[in-house]
Every structure is written in structure tokens, then in C-alpha cells.
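The values are calculated or read from the model by the stated rules, or taken from the named source; none is laboratory data. Keep in mind that what you see is a predicted model, and the values were worked out from it rather than measured. Heads up, the Cβs are rebuilt from the backbone with ideal geometry, glycines too, and the neighbour counts pull from every protein chain shown.
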Amino acid sequence: MPLTRFDFPSDFVFGAATAAYQIEGSGFGGCGPCHWDTFSATPGNVVRAESGVRACDHYHLWPQDLDLIKAAQMDAYRFSTSWARVMPDGVTVNPDGMDFYDRLVDGMLARGLKPFQTLYHWELPSALADKGGWTNRDTCLRFADFAETITRRLGDRVASIATVNEPWCVAWLSHFIGAHAPGLRDIRAAARAMHHILLAHGLAVERLRGMGQPNLGIVLNFDHAEPASPSAADVQAAARADGIFNRWFIEAITRQSYPEVVLDGLAPHMPDRWQEDMPIIGQKIDWLGVNYYTRHLHAHDPAAPWPHLRDVPGPLPKTQMGWEIYPDGLHTFLTRMARDHVGDLPIYVTENGMAFADTVQDGAVTDGPREDFVFAHLAATKRAIADGANVKGFFYWSLLDNYEWAEGYEKRFGLVHVDFDSLARTPKSSYHAVARALARND
Ligand code: FCB
């Protein structure tokens, strides 16, 4: 028997997640340009140089998308409010943008869906990118202003607010690996972004807390770091990868410190007097979001500069992204966060899902592997709860096939298929399986 909602605590929240730039479309409604518009317009960065300018046109089609969430029997919707739509130059308010999110939140409430808002899911306004983006401390202050502005409008109706989605992607993937906007590959820029994105989080929490806003959290992504071999060098390589990916952000927030194994490489490149920011970064949060997709095998690479890492392909079955399917890793992180960091604080699985090369045949999409993936990760979540983690909800990534950043529209994560020519939505078999699992008896 597949799991159902009755296998989870009665207050457990099931939902789906999206992000503004990936679904809304951005070239209208007074929305300003963001660094993804220019990153994608630069050859070699994004598959087919695709951008989020049209995306799923959720800006206009949102009522039917919310209907789909409701009809999937879900309780909540995790969405993000684009900084570039609300403040096109990062500072000045766009009333149409505010109105859009106002309607969207009311639309959720009208359908009985709890709005789980994310403030920063990567739409950095170009005007702020011009000034150095996350390498510039001033961006943190502007972010706190944005947090306050949008919360004055929506804060009376949202169920929870996450400051930042996946600081590892914002900082490391985008400033060291160079795979996401702004596409830098520079250790000094990376060190600054690693710190400033946390400072932005802390300043926003401080501001919103001061306004009396409840349920403030952050969404971190975790990637199970496994040594490629039992050699001491590879074990240490995996520890460095674990430090950068899985320890840096949560330890700053819960211990007001950064792991030594990462400072070994980053300390010379950090902003001046970064230590003084740690009490702001380490403020109390009300909940933690865990995004989890996969694991990686890490080997020591003596030829590469710090962190001396080389990824080694693993043996497990893979998704369309080439990511190994490893549900145990979700159990590991949920229990590790509870045990080592947040204790009884609510934890939400804020993203988990798989890309699959779905096609529509005779009006239907059959995605059995995605069904297996979802239920295997729900089972891992249930085991984590049994092992003491206070997990309060699970959001599938994503409701819709959408703009998968550097992968363009090629990689499909949705429970609902999107035809990017006609924009037709077709619920996949996984959507129907989830709806069956979440049906209530009443
Ligand atoms: C996460 C992002 C999300 C989506 C999924 C597949 O890193 O938060 O926007 O791209 O991966």
C-alpha cells in the first residue's frame, strides 16, 4: 500500500513549490530586469539561451494553477515573491507587482491553501547586480527593505516566510562554480556572497521580527557528501564538501560560527570584521526548510586549488538531471538537523522532486519513476519523524514543469506537464497518485 496523508501526523502539511522567475514570466507588469535575464542572454550560460521571460505565464494563468494545487488535495503552496517585480530597480515599489501578489495570496486563501512565501528565490534586480550584487554588503540592507515592504502588504495573510532559498546556490554555485547568475568563478566574490547572503537573511529576520511577523525561517539545500573511496584523502575531501554545502549556513544560524574546514580556504577572502555580523545572522528562527535532491561522491584532487575537490560519478539510478536517487539522504539530513541544530523546531521539506523526460501521449503523461521517487522520499520523511525529527510538512518540487535555470526548459520537474508552446497544463500520473494519497475521507 502506498503511503497516504493518514500515515503522517494530522497537522502535517502537504504542498507543492514553485519560484517566481521559473513560472511567472517577467517581461511585463512593470517587472524590472534581474540578473537571470542577462545571464541567460550571454552565450554558453543556459541551454538554448532560454530565459524566464515567458516561462509558464503563471502571471496570467495563476487561477488555474492554484486550482490544480487544490485539486491535488494539497494543504499549502510554497511560492516566491520576485524582488524585481516588487521593486524593479531594487528600491522603488511597483504597485502592479504588489497587487499581483496580493491577488495571488487571496487566491490561495479562497481555495483553503496556506501561503508559504519565499522572499528571495534568485531574482536579484539588475540595478543591484550592477553594484556588485551579493558581493556588496549594501545589497543586504536593500534586501531588508524589500522584506519589510512586501511584508507590510502580505504579512497579515501568509502562513510563513522564508528569507532566502538555498544560500549555497546563491553564493557558491553562482560565484565559485559559476553555473548560475551572475556566473562568477572567483573565490573572493564567493566568500563575500557566502557571508552576505546570510547577513541579508539575518537583517530581514530582525526587521520582520520587529514588525511582529510570525513564522520566519530560511530554506537551505543539502547534498549528501560521500567519500569516493575509503582513503583518508577522499574522506577529508567529502568533509570539505560537507562543510561548504551542508554546514556553513546552518552553523552560522544556529551556532554563530563557520566551520574551520571551510574557513581554511575562505578566511583570507572574507569581508572585513565579518565576525561582528554573526549575532545578526544567528538570530532565532521559527522553522527550518530542508531542500534535498541527491548525493555526490567526492574525491581529493591534488591538482586543483582549494577545496581540492573532484566529483566522481556514482552507481545509483539517476534522474534526468543526472542526479543519483538516494532517499536515505533525506532521512539523514532531517534527523541530523534535529539532532545537531534545531532540536524541536519545526522542519519542513521545502523541496524534493525529480526531473524526468516526460512526454504527452494520447493526452496523458505516465511518469511512474516520479511516483516511485515521491513515495520513497515521503517514506524517508516518515522514518525521520519516527526517529524524532519534528518534520511538519513536505513540498514537492515542482507543481509545474518550468524554467530550470541553466537547464532552460529541458528538464521537467512538474507534477503537471507544461507545453511551452501552447502553455497547456496536463496533470501527470504522479499528480493523480499524489491526489489519491492526499484525499481526505470527508
Ligand atoms: C533547487 C531550486 C529550485 C529548482 C530545483 C530543481 O535548487 O531551489 O528552484 O531549480 O532545485
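Return the pairs, sorted by first residue and then second, in which the second residue is within 16 Å of the ligand (Cβ to nearest atom) and assigned to a loop (DSSP other than H, G, I, E, B), the first residue lies in the stretch 376-400 and is within 11 Å of L3 (Cβ to Cβ) and among the aromatic types (F, W, Y), the beta carbons are less than 9 Å apart, and the residues are 6+ apart or on different chains. Once the first residue is within 11 Å of L3 (Cβ to Cβ) and among the aromatic types (F, W, Y) and sits in the stretch 376-400, its partners that are within 16 Å of the ligand (Cβ to nearest atom) and assigned to a loop (DSSP other than H, G, I, E, B) give F394/N352.
Go through the stretch 156-202 and give me each residue that's within 18 Å of F79 (Cα to Cα), polar (S, T, N, Q) and within 16 Å of the ligand (Cβ to nearest atom). Let's see the steps before the verdict.
Of the residues in the stretch 156-202, the ones within 18 Å of F79 (Cα to Cα) are 156-167, 169-170, 201.
Within this subset, residues satisfying the condition of being polar (S, T, N, Q) are 160, 163, 165.
Result: T163, N165.
Within the stretch 398-433, the only residue that satisfies the criterion of being more than 15 Å from the ligand (Cβ to nearest atom), aromatic (F, W, Y) and in contact with a strand residue (DSSP E or B) (Cβ under 8 Å, 6 or more places away or on another chain) is Y431. Has the stretch 369-380 got at least one residue that is within 21 Å of A225 (Cα to Cα), out of contact with any strand residue (DSSP E or B) (no Cβ under 7 Å at 6 or more places or on another chain), assigned to a loop (DSSP other than H, G, I, E, B) and away from the ligand (no atom under 15 Å from the Cβ)? Scanning the stretch 369-380, I find no residue that is within 21 Å of A225 (Cα to Cα), out of contact with any strand residue (DSSP E or B) (no Cβ under 7 Å at 6 or more places or on another chain), assigned to a loop (DSSP other than H, G, I, E, B) and away from the ligand (no atom under 15 Å from the Cβ), so the answer is no. Any residue in the stretch 224-246 that is under 29 Å from W83 (Cα atoms) and of a type in the set (D, E, K, R)? No; the residues of the stretch 224-246 include none that is under 29 Å from W83 (Cα atoms) and of a type in the set (D, E, K, R).
Among the residues of the stretch 389-397, are any closer than 18 Å to P9 by Cα, of a type in the set (A, V, I, L, M) and surrounded by 21 or more Cβ atoms within 10 Å (Cβ to Cβ)? Yes: one or more hits. Taking the criterion of being under 18 Å from A190 (Cα atoms) and away from the ligand (no atom under 16 Å from the Cβ), the residues of the stretch 210-247 that qualify are R240, A241, D242, G243, R247.
The set of residues in the stretch 174-225 being assigned to a loop (DSSP other than H, G, I, E, B) and under 29 Å from Y396 (Cα atoms) consists of F176, I177, G178, A179, H180, A181, P182, G183, Q213, P214, N215. Could you look through the stretch 63-77, keep only residues that are acidic (D, E) and surrounded by 15 or more Cβ atoms within 10 Å (Cβ to Cβ), and pick out the one that is nearest to V13 (Cα to Cα)? By that ranking, first place goes to D75.
To keep it simple, each residue is scored yes or no on (1) closer than 19 Å to D96 by Cβ; (2) aromatic (F, W, Y); (3) away from the ligand (no atom under 16 Å from the Cβ).
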position	(1), (2), (3)
T118	no, no, no
A127	yes, no, yes
G133	no, no, yes
L141	no, no, yes
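Could you check, for the stretch 94-108, whether at least one of its residues is modelled with pLDDT of 95 or more, within 16 Å of the ligand (Cβ to nearest atom) and either in contact with a helix residue (DSSP H, G or I) (Cβ under 9 Å, 6 or more places away or on another chain) or in a helix (DSSP H, G or I) (or both)? Can you show your working first?
To start, the set of residues in the stretch 94-108 that are modelled with pLDDT of 95 or more comprises 94-108.
Among the residues that remain, those that are also within 16 Å of the ligand (Cβ to nearest atom) are: none.
No.
The requirement of being closer than 19 Å to D99 by Cβ, in contact (Cβ under 8 Å) with a residue 40 or more places away in the chain and more than 16 Å from the ligand (Cβ to nearest atom) is fulfilled somewhere in the stretch 53-60, by at least one residue.
Among the residues of the stretch 337-360, is any touching a strand residue (DSSP E or B) at 6+ places or on another chain (Cβ under 9 Å), assigned to a helix (DSSP H, G or I), basic (K, R) and closer than 17 Å to R247 by Cβ? No - not one qualifying residue is present in the stretch 337-360. The set of residues in the stretch 229-243 being in contact with a helix residue (DSSP H, G or I) (Cβ under 9 Å, 6 or more places away or on another chain) and of a type in the set (D, E) consists of D242 alone. Residues that are in contact with a strand residue (DSSP E or B) (Cβ under 7 Å, 6 or more places away or on another chain) and more than 16 Å from the ligand (Cβ to nearest atom) within the stretch 12-29 comprise F12, V13, F14, listed in sequence order. Restricting attention to the stretch 289-323 and to residues that are more than 15 Å from the ligand (Cβ to nearest atom) and not in a loop (DSSP other than H, G, I, E, B), the residue that is surrounded by the most Cβ atoms within 10 Å (Cβ to Cβ) turns out to be H298.
In the stretch 153-169, the condition of being of a type in the set (S, T, N, Q), out of contact with any Pro (no Cβ under 6 Å at 6 or more places or on another chain), assigned to a loop (DSSP other than H, G, I, E, B) and more than 26 Å from S51 (Cβ to Cβ) is met by no residue.
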